[in-house]
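Worksheet for the structure shown next.
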There are 2 protein chains.
Amino acid sequence: MFTQAEENYLKAIYALENESSESISTNNIALKMETKASSVTDMLKKLAAKKLVEYKPYKGVHLTFEGEKVALKVIRKHRLWEYFLVKKLKFSWDSVHEIAEQLEHIQSDDLVNSLDAFLGFPKKDPHGDPIPDKDGIVVSNTSINMLGMKVGDVGVLNGVKDSTDAFLRYLDKKNLALGDRIKIIDIEPYDNSVYIETKTHHMSISKHVAKNLYLKNKK
Amino acid sequence: MFTQAEENYLKAIYALENESSESISTNNIALKMETKASSVTDMLKKLAAKKLVEYKPYKGVHLTFEGEKVALKVIRKHRLWEYFLVKKLKFSWDSVHEIAEQLEHIQSDDLVNSLDAFLGFPKKDPHGDPIPDKDGIVVSNTSINMLGMKVGDVGVLNGVKDSTDAFLRYLDKKNLALGDRIKIIDIEPYDNSVYIETKTHHMSISKHVAKNLYLKNKK
DNA sequence: ATATATTTTTAGACATATCTAAATTTAAAT
DNA sequence: ATTTAAATTTAGATATGTCTAAAAATATAT
């Protein structure tokens, strides 16, 4: 159906879309795939011609519905095989990625679904990532409140409790937006304020504000 | 290590070498692989450069020790995966070939050996073909005496009990040679003589002679 | 033994996927 | 608003594996 190269690009774009809500650039993809930007451009044209991605030169790319379906299928296979390797063949959870990178490209719906049944329809792979079901439905990582996070945790800002203009204006002023990747650097025991790092800056967030922010676990 | 295409050629050449002892021609391979003779020539040059086959233009080809090792590894994987599909995933034995054709190219010694252990070190795949062990040792199809064969059986002449010059001259005269593919057409109940078919002719073999001929099962 | 047929190889083309280096577009900075 | 820098795309090259059509080698037949 699709080549391994095509599948790998779709998987990478899917991952980038879920890591942050910024639009996906050629360089982003090149970095993630350890290849050159010019190779990415070539492939994006090919994927766009097949209507798997929406691609505007110089303007970035995003998956179409069809492209996401393909990506999810590959991810489903990857995670099911990882589960098989760890639970049945007794591999350690940190040694299965490379092998799953190969197995994820085996083409057979029967195989994937039989494997799924054989494993007892697991919901998560050995790394804790959710396994899409046969219709491509992923149990999305539930958002958690920033107050519940620990130092070192990373998440993507994906919701607010307080959605008043005042609060949103405050976020604007602090240069925080939905989709931003946030890392918890420190939590001040004295007042429960949270010191965070974003892609561009560091800042301190009061307990009151933290209570109003929801983050999705980064995969 | 080797590309899928290379592995598929090695596997095909291995199979041809075991089907008959005639030297393997470009066309033989092209037919088995459903490709063109010119493509085969190209690949044979590549495999010869890597010392996986011995290739003399216009004169045919045969596997080197190294090439046979690679072929046996691929066959081992193919048969182990077939066993897995049938015994664990409940596929029917006649529906697993295509999937195994893909799985046989997954590269990981750890994976193959863990799978082997998980399956309980099976000796034969669901079609009855022997599974090479991790050192590439195949339990060769044991030779059976022609007298023990039934009508319809096929085998390759691979040994004689009587190795006197007189008997070998007799075989020469009858145009029978080691490596010849032989099919049992009829067995005469009256005198236990065997009517056989070879690639080029038909003939009747007396019970006395049949007793002195050993055949290897054709895979 | 020479003509004919078959097999095999070569030559040149194409598709996929990649790269380097140059050109172009967009973003940032003064 | 220009210049400078960074990101992106294009152009041209390479490697793999395949094909068609033509040339060369081998086998077959009279």
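Derivation of every value follows stated rules applied to the coordinates shown; laboratory data play no part. Owing to the predicted nature of the structure, the values given are computational and were not obtained by experimental measurement. Cβ: placed from backbone, ideal geometry, glycine included. Neighbour counts: every protein chain shown.
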Can you find even one residue in region A:77-90 that is of a type in the set (Lys, Arg), within 30 Å of A:Leu119 (Cα to Cα) and away from chain B (no Cβ under 14 Å)? yes
Counted residues in region A:164-181 being under 15 Å from A:Asp153 (Cα atoms) and in contact with a helix residue (DSSP H, G or I) (Cβ under 8 Å, 6 or more places away or on another chain) come to 1
Every listed condition ((1) surrounded by fewer than 18 Cβ atoms within 10 Å (Cβ to Cβ); (2) assigned to a loop (DSSP other than H, G, I, E, B); (3) within 10 Å of another protein chain (Cβ to nearest Cβ)) holds for A:Glu98 save (2)
| Looking at B:Ile13, is it more than 10 Å from DNA strand D (Cβ to nearest atom), of a type in the set (A, V, I, L, M, F, W, C), more than 18 Å from the chain's Cα centre (by Cα) and closer than 19 Å to B:Ile131 by Cα? | no
B:Ser39 meets each of (1) under 23 Å from B:Ile106 (Cα atoms); (2) near DNA strand C (Cβ under 9 Å from one of its atoms) with one exception, condition (1)
Given the structure, is A:Asn113 more than 14 Å from chain B (Cβ to nearest Cβ) and in contact with a Lys or Arg (Cβ under 8 Å, 6 or more places away or on another chain)? no
Note on region B:1-12: residues outside any helix (DSSP H, G or I) and within 13 Å of DNA strand C (Cβ to nearest atom) are B:Thr3
For region B:30-83, the count of residues that are within 16 Å of DNA strand D (Cβ to nearest atom) and assigned to a helix (DSSP H, G or I) equals 21
Requested in this report: Answer yes or no as to whether A:Ala15 is of a type in the set (A, V, I, L, M, F, W, C) and within 15 Å of DNA strand C (Cβ to nearest atom).
Outcome: no
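Quick check on region B:37-54. Is at least one of its residues within 14 Å of chain A (Cβ to nearest Cβ) and among the hydrophobic types (A, V, I, L, M, F, W, C)?
Looking through region B:37-54, none of the residues is within 14 Å of chain A (Cβ to nearest Cβ) and among the hydrophobic types (A, V, I, L, M, F, W, C).
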On the given criteria, is A:Gly67 at positive phi and surrounded by 15 or more Cβ atoms within 10 Å (Cβ to Cβ)? no
Being in contact with a Gly (Cβ under 9 Å, 6 or more places away or on another chain), surrounded by fewer than 16 Cβ atoms within 10 Å (Cβ to Cβ) and touching a residue at least 24 places away in the same chain (Cβ under 8 Å), is that true of even one residue in region B:22-34?
-> yes
